[in-house]
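Presented below is the structure to which this report refers.
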Amino acid sequence: LHEMPPVTICAINGGCAGAGLSLACACDLRYAVEGANFSTAFVNVGLSGDFGYSYLLPRIVGAGRARELCFVGSKFSAAEALAMGLVCAVEPD
């Protein structure tokens with residue numbers, strides 16, 4: 001997805017965690033609904049995480065914020081995702 005010539009768009013309507021978050025990060029544009037929630041999730045099951053998000057996430061939200069998300073693994077809302085630049089816009093449910 002990340003290197004495809006056509007523009008890729010991700011619509012997030014619900015939970016977006018782990019490998020799903022990685023797929024979303026690989027898209028050029030990400031949009032979420034107000035009820036969407038996010039989590040890196042890998043640390044919660046004792047994994048270091050991959051599927052590309054360790055490369056993509058810091059380039060989207062910044063290195064410090066990406067480390068926090070990866071090390072803590074807590075859930076965050078669509079509004080928080082918008083504030084950190086992970087999604088382009090948040091639409092009503």
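The values are calculated or read from the model by the stated rules, or taken from the named source; none is laboratory data. Predicted model, so just to flag it, every value in this text is computed and none were measured. Counting neighbours? That spans all protein chains shown, and the Cβs are built from the backbone with ideal geometry, glycine included. All accessible areas refer to the heavy atoms of the entire protein, side chains included, with ligands and DNA or RNA removed. Shrake-Rupley method; radii C 1.70, N 1.55, O 1.52, S 1.80 Å.
Structural remarks
- Atom-type composition of the exposed protein surface of the chain places 58 percent of the accessible area on carbon and sulfur (1.4 angstrom probe).
- Inter-label distance, Ile60 to Ala19: 1.7 nm, where each label sits 7 Å from its Cα along the C-beta direction.
- R0 of 25 Å, Cβ-Cβ distance Arg67-Glu91: FRET efficiency to nearest 0.05: 0.30
- Here the extension length gained between Ser74 and Asp28 equals 14.1 nm, from 0.36 nm per residue of separation less the Cα-Cα distance.
- All-pairs Cα distance distribution in the chain, expressed in whole percent, bin size 5 Å: 3, 15, 27, 29, 17, 8, 1, 0
- Taking all protein chains into account, the per residue accessible area for the chain stands at 56 Å² (1.4 Å probe).
- Highest to lowest packing among 27-40, 65-78, scored as the average C-beta count within 10 Å: 27-40, 65-78
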